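Written out below as structure tokens is the structure these notes cover.
The values are calculated or read from the model by the stated rules, or taken from the named source; none is laboratory data. Since we're looking at a predicted model, the values are computed, not measured. Glycine also receives a Cβ, built like all others from the backbone with ideal geometry; neighbour counts cover every protein chain displayed. Accessible surface areas use protein heavy atoms only, side chains included; no ligands, DNA or RNA. Shrake-Rupley method; radii C 1.70, N 1.55, O 1.52, S 1.80 Å.
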Amino acid sequence: MSSPGSSSTSRVSVEGQAPLPKPADPAANLSSNEIAPLSRNPFFHVVLSKSHVRRSCLMGPSKDLIDILPSAEVPTVLKCGGESWDMVYRGHAPGRKFFDGGWRKFVKANCLVEGDACVFELMANSDEKIVFEVQILRGDLPEVFFKRDRIGASEQKPIVID
């Protein structure tokens, strides 16, 4: 029951004791290399391969996200660790839709290498601007995962777990 001047979200108190503290924000006090919980926004993730990190690197959103992003050329911002990188989303291009112009700078600034993973959470989506919050997961995956004929790449080479 609420008394005048209080709200239903006030802190619980026990008679004769101080009120309990508000629950902490799960993302508060995280350092830049810790993983923050995702909100309920759409997201996609990718384990980086050579094509993502080499000199002529390419990156674009997953098919699921392409369906909700504008079919136009839109200024895009990637935010990570308190910094941001400007680029352009090429939603009007036929075939695969890519980020253009700033992805390479993002790769270099964050020392991304093959085997690292990125989670891109869509924070803003309009014809004027797209914003992704990016979390980087350092991979150190074995090289076998990046070979063309790797185990698990086809029905003929299944992953077998004993």
With all protein chains in place and a 1.4 Å probe, residue 119 shows an accessible area in Å² (nearest 10) of 20
The extension gain from residue 113 to residue 58, computed as 0.36 nm times the residue separation minus the Cα-Cα distance, is 18.5 nm
For residue 104 the rounded accessible area (nearest 10 Å², probe 1.4 Å, non-protein molecules ignored) is 80
Between the modelled labels at residue 127 and residue 46 (7 Å from Cα along Cα→Cβ) the distance in nm is 2.6
Sorted by chain and then number, the residues having a modelled amide H within less than 5 Å of the amide H of residue 98, at least 5 places away or on another chain, are 90
In order over the range 63-74: 3J(HN,Hα) from phi, Karplus 6.51/-1.76/1.60, θ = phi - 60°, whole Hz, x for each Gly or Pro, gives 4, 4, 6, 4, 5, 9, 7, x, 8, 8, 7, 10
In order over the range 121-134: 3J(HN,Hα) from phi, Karplus 6.51/-1.76/1.60, θ = phi - 60°, whole Hz, x for each Gly or Pro, gives 9, 6, 9, 8, 8, 8, 5, 9, 6, 10, 10, 10, 8, 10
